[in-house]
Amino acid sequence: MTHDLLDDHSPLIGLLDLQDMRDTVSALHAAFDEVTAPGQHVLHTFAVKAASLAPVLRRLGGLGMGAEVAGPGELALATAAGFPPDRVVLDSPAKTRAELREALAQGIALNADNPQELDRIAELIDAGPGTTGGHGPIGLRVNPQLGGGSIDAMSTATATSKFGVALRDEGARARVLRAFAEHPWLTRLHCHVGSQGIPLERMAAGVRATHELAEEINTALGRRQVDTLDIGGGLPVNFDGEETDPTFAAYAALLRREVPGLFDGRYGLVTEFGRSLLAKSGLILTRVEYTKTAGGRPIAVTHAGAQVATRTVFAPDAWPIRVAAYDAKGRPKTGVPLRQDVAGPCCFAGDLVARDRALPPLAPGDLTALLDTGAYYFSTPFAYNSLPRPAVYGYAYEPDGTLAFTMLRRAQTLAEVVAESGGDL
Ligand SMILES: *Cc1c(COP(=O)(O)O)cnc(C)c1O
């Protein structure tokens with residue numbers, strides 16, 4: 001079926017299993033419903049950077065999710081996808097004055113990254129219609145400096161991370177307490193310890209440190225000023241096999257053990273998961289164009305490389321992905337596995353999505369699938385070699401058992417490639 005969507009003009013597509021996506025969103029909601037207090041306010045936002053496709057966001061919004069955005073493009077996408085302001089959270093370490101003004105005017109929640117940003121927000125609020133109302137909830141991002149995980153680039157809670165207020169630095173805690181005392185509109189704490197590769201225990205320790213700080217602030221101020229904790233996202237995904245591990249339920253249970261106060265109902269909660277909500281629902285499907293050998297190494301040349309699997313190509317040890325092999329009719333390939341490279345179309349030697357990988361022997365016309373790529377892969381293309389962005393389709397079984405495809409992003413046309421490259425100037 002899906003191989004009908006592949007041809008010479010479109011030898012590469014992204015696919016998203018819409019039922020699987022719905023099931024994963026349900027699993028997230030159920031996991032937290034299980035541990036939260038009756039009536040406790042919980043907003044699960046989706047980190048838009050993990051799948052910046054408006055029709056996907058619209059579906060997630062329809063499933064009761066909010067949107068976590070980090071900049072004007074993602075905010076515009078969330079707005080286009082119909083998220084109401086009270087379900088949007090703006091996080092970014094580099095918000096301009098204009099972005100802050102716009103976010104305050106729209107009433108979306110925002111998390112300040114640093115003291116200078118807090119000063120700007122204070123100026124804008126003072127100049128605005130009044131200190132109460134007229135803006136959404138405002139939080140401060142903190143970095144508990146607990147150390148990193150297995151991928152440096154994904155570790156946001158290291159001693160020298162660029163994100164948030166580094167809590168263990170000299171005088172930082174006192175400055176945070178003073179900021180909350182000075183700014184009664186500052187009502188949230190935010191922490192996101194990292195994405196992929198962070199051990200669950202470290203994520204939970206970050207949430208515990210944030211909860212402890214909230215208690216300390218509220219005790220010092222003698223009022224419950226911090227009313228909501230935004231615990232970020234970052235649940236890792238298993239890229240080694242089919243199994244979903246860890247699950248949202250396991251993480252929620254761990255949080256309940258490690259930070260019981262989070263679930264006594266005194267704080268509202270915000271989460272910001274991305275990868276764990278969509279990675280396993282998506283794949284990239286492409287066609288083998290040629291096969292060859294070089295220095296004795298078999299190589300299959302496909303159309304999926306750095307333009308859709310950027311992290312895997314540039315950091316293959318940190319981001320290995322599974323590759324599945326099918327024949328031209330879409331049937332799983334058989335045959336004695338052969339160690340081979342699976343290459344992309346980009347014009348640099350490192351453009352490989354798998355190196356020396358044992359796979360059934362591939363031939364021109366066969367299909368390869370890059371598995372677990374529903375987040376941060378086809379939705380985050382890289383414009384290298386002016387390769388057009390591939391189409392993305394959602395799929396689901398109709399009640400009568402037929403498989404139906406829906407367009408989630410059109411393939412970029414060559415005219416659009418030219419126009420976006422200054423051809424329209
Ligand atoms: C990227 C990011 C997320 C989502 O991370 P995942 O690993 O995709 O769950 C959440 N919050 C912030 C602040 C982020 O930067």
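Table for the structure above
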{"quantity": "At R0 = 41 Å, FRET efficiency that the Cβ-Cβ distance of residue 159 and residue 385 yields, to 0.05", "calculated": "0.60"}
{"quantity": "J(HN,Hα) series, the stretch 231-243, from Karplus relation 6.51 cos²θ - 1.76 cosθ + 1.60, nearest Hz, glycine and proline x", "calculated": "9, x, x, x, 4, x, 10, 7, 8, 8, x, 5, 5"}
{"quantity": "List 12, 403, 414, ordered by accessible area with a 1.4 Å probe, largest first", "calculated": "414, 403, 12"}
{"quantity": "C-alpha center-to-center spacing [the stretch 98-164, the stretch 351-373] in angstrom", "calculated": "42"}
{"quantity": "Contact order relative to length of the chain, as percent, for alpha carbon pairs under 8 angstrom and 6 or more apart", "calculated": "18"}
{"quantity": "Carbon plus sulfur fraction of accessible area for the stretch 34-273, probe 1.4 Å, in percent", "calculated": "52"}
{"quantity": "Computed helical MRE - 222 nm, the chain, DSSP H runs ≥ 4 contributing -39500 (n - 2.57), nearest 500", "calculated": "-8000 deg cm²/dmol"}
{"quantity": "Nitroxide proxy distance, nm - points 7 Å out along Cα→Cβ at residue 172 and residue 415", "calculated": "5.3"}
{"quantity": "Solvent-accessible heavy-atom area per residue, rounded to whole Å², over the stretch 150-265 at 1.4 Å", "calculated": "44"}
{"quantity": "For residue 90, distant residues with modelled amide H under 5 Å away", "calculated": "69, 109, 110, 111"}
{"quantity": "Mean Cβ neighbour count within 10 Å, used as a protection proxy, ranking 77-87, 387-397 highest first", "calculated": "387-397, 77-87"}
{"quantity": "Relative packing of peptides 168-179, 228-239 - highest average C-beta neighbours within 10 Å first", "calculated": "228-239, 168-179"}
{"quantity": "Pairwise FRET efficiency - residue 58 versus residue 215, Cβ, R0 = 35 Å, nearest 0.05", "calculated": "0.40"}
{"quantity": "Cubic angstrom per residue, convex hull over Cα atoms of the chain", "calculated": "159"}
{"quantity": "Built amide H within the under 5 Å cut-off of residue 145, gap 5+", "calculated": "167"}
{"quantity": "Highest-first arrangement of 186-197, 363-374, where packing means the average Cβ count within 10 Å", "calculated": "186-197, 363-374"}
{"quantity": "J(HN,Hα) series, the stretch 181-194, from Karplus relation 6.51 cos²θ - 1.76 cosθ + 1.60, nearest Hz, glycine and proline x", "calculated": "5, 6, 10, x, 7, 8, 10, 9, 10, 10, 8, 9, 6, x"}
{"quantity": "Listed residues 162, 292 arranged by accessible area, highest first, probe 1.4 Å", "calculated": "162, 292"}
{"quantity": "The stretch 247-337 - percent relative contact order, Cα under 8 Å, separation 6 or more", "calculated": "11"}
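The values are calculated or read from the model by the stated rules, or taken from the named source; none is laboratory data. Computed from a predicted model, the values in this text were never measured in an experiment. Because the Cβ atoms are built from the backbone with ideal geometry, glycine has one as well, and the counts that use them run over all protein chains shown. Keep in mind that these areas ignore ligands, DNA and RNA; they rest on the heavy atoms of the full protein, side chains included. Shrake-Rupley method; radii C 1.70, N 1.55, O 1.52, S 1.80 Å.
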